[in-house]
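K.L.:
Mind looking over this structure? Questions follow.
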Amino acid sequence: MSLLEDIERLNEHVKIKPPHKIIDFEPALVPMMKPRDTDQLYFDHIPNFTQVLESYAQIGYAHMGVCHGKPMCMFGCVPLWAGVAELWMITDVNLGSSARTFHRVTKEMFDIYMSELSLVRIQIWVHSQNERAIKWAKSLYFEEEGIARKFGPDGADFYLLARFKNGRTSNRTIFDSRGSNCATGARPRDGARTAGAR
């Protein structure tokens, strides 16, 4: 049985310890969360956003990270087509005290999504004002691919970031406005532990 189908084995696999735990997404717990600023925008601008999250869970996989029974984050993976999936995540304003634990666990979960679902690419959309999320994604070897103007429910720009199998970037060459070669997409250091595939 897949780890994604066995929540107890999943918790054992990611070595999470009480009072922290990973549970399957539970809509009834969503009102217990107070989402961080840019995450709250989804609830403010999209009617019945909790139902949208439920639909994500039905067509893909969705989980919650809880501490003492209170959700600190929720995240999931929505397959788009063979080998490609989109990830999502909502975090609570009180995540700080559990941030290290859930940072490690979500890295593990992304690996599990990639492995269990045979993914070669995972992608995320990040609000342009969510600097914390952009920095976090890049620490997990996501590469910024572009910007979608006025894409968000609040009319804000969003960045598209992607990560590829084994934590590697596409290693594409980036050009400046004159077309000259400026840089090459970074790769993890040799021997560095890569984060898995929200």
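K.L.:
Would you mention how many residues in segment 1-39 are more than 14 Å from VAL66 (Cα to Cα), surrounded by fewer than 15 Cβ atoms within 10 Å (Cβ to Cβ) and under 18 Å from the mean Cα position of the chain (by Cα)?
P.N.:
1
K.L.:
Determine which member of the set PHE175, PHE151 is of a type outside the set (A, V, I, L, M), modelled with pLDDT of 95 or more and farther than 24 Å from ASP111 by Cα.
P.N.:
PHE151
K.L.:
Now, a different point. If ILE124 satisfies every condition in (1) buried (at least 16 other Cβ atoms within 10 Å of the Cβ); (2) in a helix (DSSP H, G or I); (3) among the hydrophobic types (A, V, I, L, M, F, W, C) but one, which is the exception?
P.N.:
(2)
K.L.:
Moving to a separate point now. Among the candidates ALA162, ALA137, ALA133, single out the residue that is small (Gly, Ala, Ser), modelled with pLDDT of 85 or more, closer than 18 Å to ALA85 by Cα and part of a helix (DSSP H, G or I).
P.N.:
Among ALA162, ALA137, ALA133, only ALA137 is small (Gly, Ala, Ser), modelled with pLDDT of 85 or more, closer than 18 Å to ALA85 by Cα and part of a helix (DSSP H, G or I).
K.L.:
Return the only residue of MET64, MET72 being out of contact with any Gly (no Cβ under 6 Å at 6 or more places or on another chain) and among the hydrophobic types (A, V, I, L, M, F, W, C).
P.N.:
Selected residue: MET64, the only one of MET64, MET72 that is out of contact with any Gly (no Cβ under 6 Å at 6 or more places or on another chain) and among the hydrophobic types (A, V, I, L, M, F, W, C).
This table checks each residue for (1) of a type in the set (Phe, Trp, Tyr); (2) part of a loop (DSSP other than H, G, I, E, B); (3) in contact with a Phe, Trp or Tyr (Cβ under 7 Å, 6 or more places away or on another chain).
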position: LEU4; (1), (2), (3): no, no, yes
position: ARG9; (1), (2), (3): no, no, no
position: GLU12; (1), (2), (3): no, no, no
position: LYS17; (1), (2), (3): no, yes, no
position: ALA28; (1), (2), (3): no, no, no
position: PRO31; (1), (2), (3): no, no, no
position: GLN40; (1), (2), (3): no, no, no
position: PHE43; (1), (2), (3): yes, no, yes
position: PRO47; (1), (2), (3): no, yes, no
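K.L.:
Quick one: in segment 39-62, which of the residues that are at pLDDT 95 or above and among the polar types (S, T, N, Q) is farthest from ALA156 (Cα to Cα)?
P.N.:
If we take residues in segment 39-62 being at pLDDT 95 or above and among the polar types (S, T, N, Q), then GLN58 is farthest from ALA156 (Cα to Cα).
The values are calculated or read from the model by the stated rules, or taken from the named source; none is laboratory data. Keep in mind the model is a prediction, meaning the values are calculated, not measured. In this analysis, Cβ positions are derived from the backbone assuming ideal geometry, glycine residues included, and neighbour counts consider all displayed protein chains.
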